[in-house]
Ligand code: DGY
């Protein structure tokens, strides 16, 4: 009797033409509409699956994979992967992949756009105009903070942080950064960026952009104490993960004039946004769209699909997904779950 094809689950509608490539190798079960899953629903989908393509909205940990003995690979569509419990996947011999590089420049573009919108009050000014308030104009209406000649602080000097630093040079900004590890001198020269400690970064930045990966170790890194170290004229932009900021403390700093403005693309409880943030006029709020250009979102899905095909032992790169998160684990297609080291 012919063996049935292996099954993969695609958690959200992505780009049909790209997802269609999976059909060459697997039986594909996908969502026809955008879904918000419970943990039990994710577990039910993973139960009969050999692989999955998921987005950052699907949290996958020990409970979701407990009853998924066939599952060998998860391709995350996103560079950040705090939605995945990597130790749990490691323990189960499930390879996880993400989508770095393809989104770097688009995300850096957006970080800069959000920074400019925040510093120059662009969305607030548009609301004011639409509300018919222009006749109330005075010479001191809508005064913002300059970018040129100011100091930009970058917290997290990975690929996206470096992209933002390169853009800042074109705006005549002085760039300081803080990172877990100081980056190579050649990168510092290329980015015209100087390394400082965390407190110096907070105190010196006219604009501070958060671009570091989220982990429990940096939960609420920007809390009331950190905010108190910033200049009251400073702006803060977050394009990383919401959990980096203590949002009530941020709302309080913004409403009391201890910080000039904030630009947020990510939120701790997204898609819910705290009412105290929604109520403030000096916050630019966007719905997690930093990587959302058509070409880049297609590139992310394409990389995730290639990763899943390779991780399940098919296609030209069988066994060698391009961007594994846990390269010590590789799911071997077709047989019992095994682990093996991948050479990078
Ligand atoms: C990522 O890739 O981590 C982004 O936040 C998703 O747009």
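The values are calculated or read from the model by the stated rules, or taken from the named source; none is laboratory data. In this text, all values refer to a predicted model and were calculated from it rather than measured experimentally. Neighbour counts are summed over all protein chains in view; Cβ atoms, including those assigned to glycine, are modelled from backbone coordinates with ideal geometry.
From the list 316, 271, 287, 275, which residue is without any contact (Cβ under 8 Å) to a residue 24 or more places away in the chain, surrounded by fewer than 20 Cβ atoms within 10 Å (Cβ to Cβ) and within 30 Å of residue 5 (Cα to Cα)?
Working: 271 fails: within 30 Å of residue 5 (Cα to Cα); 287 fails: within 30 Å of residue 5 (Cα to Cα); 275 fails: within 30 Å of residue 5 (Cα to Cα).
Only one candidate qualifies: 316.
Quick check, is residue 31 within 20 Å of residue 301 (Cα to Cα), away from the ligand (no atom under 16 Å from the Cβ) and free of Cβ contacts under 8 Å to residues at least 60 places away in the same chain?
Values: within 20 Å of residue 301 (Cα to Cα): yes; away from the ligand (no atom under 16 Å from the Cβ): yes; free of Cβ contacts under 8 Å to residues at least 60 places away in the same chain: yes.
Here the answer is yes, as residue 31 does meet what is asked.
Given the condition touching a residue at least 24 places away in the same chain (Cβ under 8 Å) and in a helix (DSSP H, G or I), answer yes or no: does some residue in the stretch 141-158 qualify?
no
Pick from the stretch 293-306 the residues that are surrounded by fewer than 18 Cβ atoms within 10 Å (Cβ to Cβ) and touching a residue at least 12 places away in the same chain (Cβ under 8 Å): which of them is nearest to the ligand (Cβ to nearest atom)?
We begin by selecting, within the stretch 293-306, every residue surrounded by fewer than 18 Cβ atoms within 10 Å (Cβ to Cβ); these are 293-295, 298.
If we keep only those that are touching a residue at least 12 places away in the same chain (Cβ under 8 Å) as well, we get 293, 295, 298.
Numbers: 293: 11, 295: 14, 298: 13 Å.
Among those residues, the one meeting the criterion is 293.
Could you list all residues from the stretch 22-64 that are farther than 23 Å from residue 88 by Cβ and in a strand (DSSP E or B)?
27, 28, 30
Say we look at the stretch 258-268 and pick out the residues that are surrounded by 18 or more Cβ atoms within 10 Å (Cβ to Cβ) and more than 16 Å from the ligand (Cβ to nearest atom); which of these is nearest to residue 228 (Cα to Cα)?
The extreme case among them is 259.
Among the numbered conditions (1) in the same structural domain as residue 259 (by TED's automatic domain parsing); (2) touching a helix residue (DSSP H, G or I) at 6+ places or on another chain (Cβ under 6 Å); (3) within 16 Å of the ligand (Cβ to nearest atom), tell me where residue 53 comes up short.
(1)
Suppose we filter the stretch 124-136 for residues that are surrounded by 11 or more Cβ atoms within 10 Å (Cβ to Cβ) and either assigned to a loop (DSSP other than H, G, I, E, B) or over 36 Å from the mean Cα position of the chain (by Cα) (or both); how many remain?
Here the count works out to 2.
Failed condition for residue 209, given (1) surrounded by 22 or more Cβ atoms within 10 Å (Cβ to Cβ); (2) within 16 Å of the ligand (Cβ to nearest atom); (3) part of a loop (DSSP other than H, G, I, E, B), with all others met?
Among (1) surrounded by 22 or more Cβ atoms within 10 Å (Cβ to Cβ); (2) within 16 Å of the ligand (Cβ to nearest atom); (3) part of a loop (DSSP other than H, G, I, E, B), residue 209 violates only (3).
Pairs, please: C-beta under 6 Å, at least 6 apart or cross-chain, first residue over 19 Å from residue 58 (Cβ atoms) and more than 9 Å from the ligand (Cβ to nearest atom) and in the stretch 95-106, second part of a loop (DSSP other than H, G, I, E, B) and at pLDDT 95 or above?
Short answer, once both residue conditions are applied: 106/291; 106/293.
Sort out which residues of the stretch 178-193 are more than 22 Å from the chain's Cα centre (by Cα), outside any helix (DSSP H, G or I) and surrounded by 13 or more Cβ atoms within 10 Å (Cβ to Cβ), and write them in order of number.
192, 193
Checking the structure you have, find out if any residue of the stretch 302-319 is under 17 Å from the mean Cα position of the chain (by Cα) and not assigned by TED's automatic domain parsing to the domain that holds residue 109.
Yes, because at least one residue in the stretch 302-319 is under 17 Å from the mean Cα position of the chain (by Cα) and not assigned by TED's automatic domain parsing to the domain that holds residue 109.
Restricting the stretch 65-86 to residues that are closer than 20 Å to residue 243 by Cα and outside any loop (DSSP other than H, G, I, E, B), which is farthest from the ligand (Cβ to nearest atom)?
Taking the candidates together, the pick is 86.
Take the stretch 8-30 and flag every residue that is under 14 Å from residue 54 (Cβ atoms) and touching a helix residue (DSSP H, G or I) at 6+ places or on another chain (Cβ under 8 Å).
8, 9, 10, 11, 14, 19, 22, 28, 29, 30, listed by residue number.
More than 13 Å from the ligand (Cβ to nearest atom), within 27 Å of residue 278 (Cβ to Cβ) and touching a residue at least 24 places away in the same chain (Cβ under 8 Å): does that describe residue 89?
No.
Could you check residue 51 against (1) farther than 22 Å from residue 214 by Cβ; (2) surrounded by fewer than 24 Cβ atoms within 10 Å (Cβ to Cβ) and say which number it fails?
Every listed condition holds for residue 51 apart from (2).
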